[in-house]
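Q: Have a look at the structure that comes next, please.
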Amino acid sequence: LDLLLSERDSDFAIDPDFLKAKEIAYRLLDKAYKIMQEETEQDFLEKEFKNISFAQLDLTPNLLSVLEKRLEEVNKCLKGNIPLSCIFSIGSILEGILLSTANKCPQKFNQSSCCPKDKNGKVPTFPDWTLAQLIDVSHDVGLLTLDVKKFSHSVRDFRNYIHPNQQMISNFDPDIHTAKICFQVLKAAIADLSGER
């Protein structure tokens, strides 16, 4: 495969049999990558996160109360087959715990190479950060693993469909399976942030 993929200007590169073999090699590599990616995602979705709770995150009492109520709503939505509201709540909980984490260790977040800056090069206050920025910096400073970062961006994308026009344009119509995937991402993020993974 290395020979097939590295040949460019040699006589091999114009041989029809060589070109056909190269085409097959690329197809096989792409298929192997897709299988590997699917297995990785499946492994992530099958992970069990036991004893995950907000208590492990050392949140302020007021925030803890708000997030616990939202988590109750998530569970009701999952049981009641109400996926869209469930996803919105999960996205808001994720943003809440990441913002709280940033507030607890401001130096670490502000010194990240991924932290946002305004046109004058100044880092905005944490409430002005987007969820995408909170996710990226949380990963950059070692608080979120790569898989949780990747899947958290999917949750963020879904959460943004709270805007009806955006949902209409994208033709997004989630089912309860989508909501369960998002909930798995939230549990994984809590496990990462609490050092349980």
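The values are calculated or read from the model by the stated rules, or taken from the named source; none is laboratory data. Remember, predicted model here, so these are calculated numbers, not experimental data. No Cβ is skipped: glycine too gets one built from the backbone with ideal geometry, and neighbour counts run over all protein chains shown. Areas reflect the complete protein model, heavy atoms only, side chains present, ligands, DNA and RNA absent. Shrake-Rupley method; radii C 1.70, N 1.55, O 1.52, S 1.80 Å.
Q: Roll a 1.4 Å probe over the protein chains and send me the accessible area per residue for the stretch 52-197 in Å². Display every interim value, and only then the final one.
A: Numbers: 7800 Å² over 146 residues.
Heavy-atom accessible area per residue stands at 53 Å².
Q: Quick check: at a probe of 1.4 Å, how many percent of the accessible area of the stretch 62-169 sits on carbon and sulfur atoms?
A: Details: 3110 of 5960 Å².
Carbon and sulfur: 52 percent of the exposed surface of the stretch 62-169.
Q: Under the 0.36 nm per residue contour assumption, what length would be gained going from the current alpha-carbon distance of N81 and A55 to full extension? Display every interim value, and only then the final one.
A: On the way: separation 26, 0.36 × 26 = 9.36 nm, distance 2.72 nm.
Separation in residues times 0.36 nm, less the Cα-Cα distance, equals 6.6 nm.
Q: Follow-up. With a 10 Å radius around each residue's Cβ, average the other Cβ atoms per peptide and rank 166-173, 130-137, 79-86, highest first. Intermediate results must be reported in sequence, preceding the final value.
A: Numbers: 166-173: 11.4, 130-137: 20.2, 79-86: 15.6.
Put in order of decreasing packing, that is 130-137, 79-86, 166-173.
Q: Let me ask you something else. Give the share of C-alpha pairs in each 10 angstrom bin for the stretch 60-106, from 0 to the last occupied bin, in whole percents, shortest bins first.
A: 27, 47, 21, 4
Q: If the only charges are +1 at each Lys and Arg Cβ and -1 at each Asp and Glu Cβ, what is the size of the charge dipole of the stretch 36-191 around the Cα centre, to the nearest 20 debye? Before the final figure, lay out each step's value.
A: Values: 17 positive and 19 negative charges, 108 e Å.
Computed charge dipole of the stretch 36-191: roughly 520 debye.
Q: Taking all protein chains together and a probe of 1.4 Å, list S53, S112 from the most accessible to the least accessible.
A: Ranking S53, S112 by accessible area, largest first, yields S53, S112.
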